[in-house]
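Some notes on the structure that comes next.
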Amino acid sequence: MTDFAATRKAFDLPDGVIYLDGNSLGPLPTAAKTKVAARMQDEWGEMLITAWNRAGWMGEPRLIGDRIGKLVGAPKGSIVMGDTLSIKVHQALASALELRPDRRVILSDTGNFPSDLYMAQGIVRTLDKGHELKTVAPEDVLANIDETVAVVMITEVDYRTGRKHDMAAIIERAHEAGALVIWDLAHSAGAIEVDLGGTGVDFAVGCTYKFINGGPGAPAFIYVRPDLADQCRPALSGWLGHEAPFAFDLDYRAGDGIDRMRCGTPPVLALAALGAALDVWDQVDMADLRARSIELSERFIKGVEAACPALTLVSPRDPKARGSQVSFAFPDGYAAMQAVIDRGVIGDFRAPDIMRFGITPLYLNEDDIDKAVEIIADVMNNELWKDAKYQTRAAVT
């Protein structure tokens, strides 16, 4: 059994704060401070450029990728780290479209994260070959997968409501129709059980600064099904995805397997912080995490609904149908969330009216949930959010 009291102690959380926003930015693993300092002083400071070899910097994107793989059910050697999530979406989508040259439809849903849709729109414009991005309601995805679809591009857990897609069902239908599937795991990795290998996922991408706790700007990852990896021709044919980067060939030759999805220089300092977070994850069983997440989420929903009649649950009622977040709608949700944050409960807001709370068992317990409910109820029932100081929106909501 996972010892969640022990994992809680591994994070450096401010006193007096109940952090319900790990679905947006995970908190600081205490060990990250010493790991990053050591990388700066002992490796960058003492070894200088020789650290690429002596400290193993060049191999870290694969080594860290394998550690991420343990959280998402990916076989060894199928994940590589680097760049941002949007770049990894671009890489996966461009490669998948090239593998289906006779088809022109990219199917997604209206609950997808906008950045993923923006990347698809950009690829459609750049290719200029008649491709179409088709978006449908989340519940209509299965019915719209047919022989015209080249790629189904889905975020497994809706960033606003926590609604969870049926990964196995969508993959089965897509493969029957001859389509490939790209999964965005931004709100899945480190939040719910994922089995990329067992469900036959073609491509997957994800970030590491949310539930995985890798820190702001932590690198993204990309997964390619092993039997597809050598068929992919990266549209972003970066230097480090070359078969032999230090041969300095003027023509690109793709590396073997997942290595061809490397693009830019590894973010060495960020990988040190991410490695510290993964040291905590080494103590965690994902089935235990999921069970604990559901337990805390149900407690939170029950408490808020009993105490705050003005809030409307917009996350799925069935815990199996949602990720590890709970969202409520309220017309003045932005101001209400600012008032809640001002009293030490940190969640966030998503337009137009959603108050979003991440349930992260690595460092939350029942007392945190109950105290958060008490504070939210005080804000809502006493209309504390009406204070003028909560009305002006900041750049980040």
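The values are calculated or read from the model by the stated rules, or taken from the named source; none is laboratory data. None of these values were measured; they are calculated from a predicted model. We place every Cβ from the backbone using ideal geometry, glycine too, and count neighbours over all the protein chains shown. The accessibility values were calculated without ligands, DNA or RNA, using every heavy atom of the protein model including side chains. Shrake-Rupley method; radii C 1.70, N 1.55, O 1.52, S 1.80 Å.
Between amide H atoms placed 1.01 Å from N, distances below 5 Å from A254 occur with E243, all of them 5 or more places distant or on a separate chain.
Taking the chain as a Gaussian network, where each spring joins two C-alpha atoms under 10 Å apart, which residue of D116, D370, D102 fluctuates the most? Of D116, D370, D102, the most mobile in the Gaussian network model is D102.
Using a 1.4 Å probe on the protein chains only, how many percent of the accessible area of the stretch 187-239 belongs to carbon and sulfur? Please report the intermediate quantities before stating the final value.
Numbers: 810 of 1630 Å².
Carbon-and-sulfur percentage of accessible area, whole number: 50.
Ignoring everything except DSSP H segments at least 4 long, calculate the 222 nm mean residue ellipticity for the chain; use -39,500 (n - 2.57) per segment, divide by total residues, nearest 500.
Working: 13 runs with 140 residues, N = 397.
Result for the chain, helices only: -10500 deg cm²/dmol.
So with the 1.4 Å probe, I'd like the accessible area per residue for the stretch 203-249, rounded to whole Å².
Values: 1820 Å² over 47 residues.
Dividing the accessible area of the stretch 203-249 by its residue count gives 39 Å².
How much net charge surrounds A174 when only the other residues with a Cβ under 13 Å from the Cβ of A174 are counted, with Lys and Arg +1 and Asp and Glu -1? Combined, the nearby Lys, Arg, Asp and Glu give -2.
Here the average projected area of the convex hull drawn through the C-alpha atoms of the stretch 188-322 stands at 11.2 nm².
Taking the Cα atoms only, what angle lies between the long axis of helix 167-176 and the longest principal axis of the chain, rounded to 10 degrees? That works out to roughly 40 degrees. Rolling a 1.4 Å probe across the protein heavy atoms gives the stretch 268-397 an accessible surface of 40 Å² per residue.
Normalized C-alpha radius of gyration of the stretch 254-397, against 2.2 N^0.38 Å?
Numbers: Rg = 18.8 Å, N = 144, 2.2 N^0.38 = 14.5 Å.
Its radius of gyration relative to the 2.2 N^0.38 Å reference: 1.29.
Tell me, what % of the accessible area of the stretch 8-107 is carbon and sulfur with a 1.4 angstrom probe? The value for the stretch 8-107 is 58 percent carbon and sulfur by accessible area. Under a Gaussian network description of the chain, with springs only between Cα atoms under 10 Å, the residue in F221, F349, F203 that fluctuates furthest is F349. Accessible area per residue for the stretch 127-196 is 36 Å², calculated with a 1.4 Å probe on protein heavy atoms, without ligands, DNA or RNA.
Quick one: pull the percent of accessible area on the stretch 310-351 belonging to carbon and sulfur, 1.4 Å probe, ligands and nucleic acids left out. If you can, show how the numbers build up before the last one.
Numbers: 760 of 1410 Å².
Percent of accessible area from carbon and sulfur atoms in the stretch 310-351: 54.
Below 8 Å between Cα atoms, with a sequence gap of 6+, how large is the relative contact order for the chain in percent? Kindly include the intermediate steps, with their values, before the conclusion.
Working: 776 pairs, mean separation 87.8, N = 397.
Contact order relative to length: 22 percent.
What do you get for the angle between helix 85-99 and the principal long axis of the chain? Use alpha-carbon atoms, 0 to 90 degrees, nearest ten. The answer is roughly 50 degrees.
Compute for the stretch 283-323: radius of gyration divided by Kirkwood radius, i.e. Rg/Rh, restricted to C-alpha atoms, rounded to two decimals. Before the final figure, lay out the partial values.
Values: Rg = 12.0 Å, Rh = 11.3 Å.
A ratio of 1.06.
Could you tally the net charge around Q283, taking each other residue with its Cβ under 14 Å from the Cβ of Q283, Lys/Arg +1 and Asp/Glu -1?
Working: positive: R8, K9, R67, K70, R292; negative: D3, D279, D282, D285, D288.
Neighbour charge sum, excluding Q283 itself: 0.
Computed across the stretch 1-102, the Kirkwood hydrodynamic radius from all distinct Cα-Cα pairs reaches 17.3 Å.
Extension gain, R8-A394: 0.36 nm per intervening residue step, less the Cα-Cα distance, totals 135.9 nm. Projected label points at D378 and F246, each 7 Å from Cα along the beta carbon direction, are separated by 6.0 nanometres.
If you place +1 on the Cβ of every Lys and Arg, -1 on the Cβ of every Asp and Glu, and leave all else neutral, what size is the dipole of the chain about its Cα centre, to the nearest 20 Debye?
480
GNM, the chain, Cα, under 10 Å: largest mean-square fluctuation among A143, A291, A92? Result for the chain, Cα springs under 10 Å: A143 fluctuates most. Using alpha carbons only, how many degrees (0 to 90, rounded to 10) separate the axis of helix 366-381 from the longest principal axis of the chain? Tilt relative to the chain: about 60 degrees.
Quick one: if the Förster radius is 22 Å, what FRET efficiency do D140 and T312 give, using the C-beta to C-beta distance and rounding to 0.05?
Details: r = 23 Å, r/R0 = 1.05.
Efficiency, from the Cβ-Cβ distance: 0.45.
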